[in-house]
1. Could you list, in sequence order, all residues of the stretch 4-22 that are under 15 Å from the mean Cα position of the chain (by Cα) and of a type outside the set (Val, Ile, Thr)?
2. Could you check the stretch 62-81 and list, in sequence order, the residues that are hydroxyl-bearing (Ser, Thr, Tyr) and out of contact with any Gly (no Cβ under 6 Å at 6 or more places or on another chain)?
3. Please count how many residues of the stretch 10-28 are in contact with a helix residue (DSSP H, G or I) (Cβ under 9 Å, 6 or more places away or on another chain) and either farther than 17 Å from Leu59 by Cβ or modelled with pLDDT of 95 or more (or both).
4. Looking only at residues in the stretch 46-84 that are buried (at least 16 other Cβ atoms within 10 Å of the Cβ), among the β-branched types (Val, Ile, Thr) and assigned to a loop (DSSP other than H, G, I, E, B), which one is farthest from the chain's Cα centre (by Cα)?
Amino acid sequence: MYLFLSGAEMQPERVRAAWPEAQFVARGRLQPRPIGAVVPPAGARYETWGIVIETPDALIAGDARGAVADDGRSFVVTVPAPDDADPAAVLAAAQYWELPPAYVRRLASIANAPVEDYFY
């Protein structure tokens, strides 16, 4: 089973605690989900980036979605609700996994962190 984790859920210690047998697969972004007959606009400000992990079959609540890895592979993933309550924790996790710089800068802005520190 593939999971897509974003927000503070992708902190390494939280991943190991929640899914000790999970294996990291890729960094990736969720594919836009149509809202009725309308597909949301594409673009960096609408993207959600995170990580794809593989874990032995387990009952995990979440939406079934499509995700595209940063190397172009496509996955059908389960997306549990992200933990976005602490913007600093979300930013730290995004930096750890080296998510795209533009996305990290967007998270830095939300966390009121100095954006210039996050150019890598």
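1. Across the stretch 4-22, the qualifying residues are Phe4, Leu5, Ser6, Gly7, Ala8, Glu9, Met10, Gln11, Pro12, Arg14.
2. Hit for the stretch 62-81 is Ser74, nothing else.
3. So the count comes out to 6.
4. So the residue we want is Thr55.
The values are calculated or read from the model by the stated rules, or taken from the named source; none is laboratory data. Fair warning: this is a prediction, and the values are worked out from it, not measured in the lab. Cβ coordinates were reconstructed from backbone atoms using ideal geometry, including for glycine residues, and neighbour counts include every protein chain displayed.
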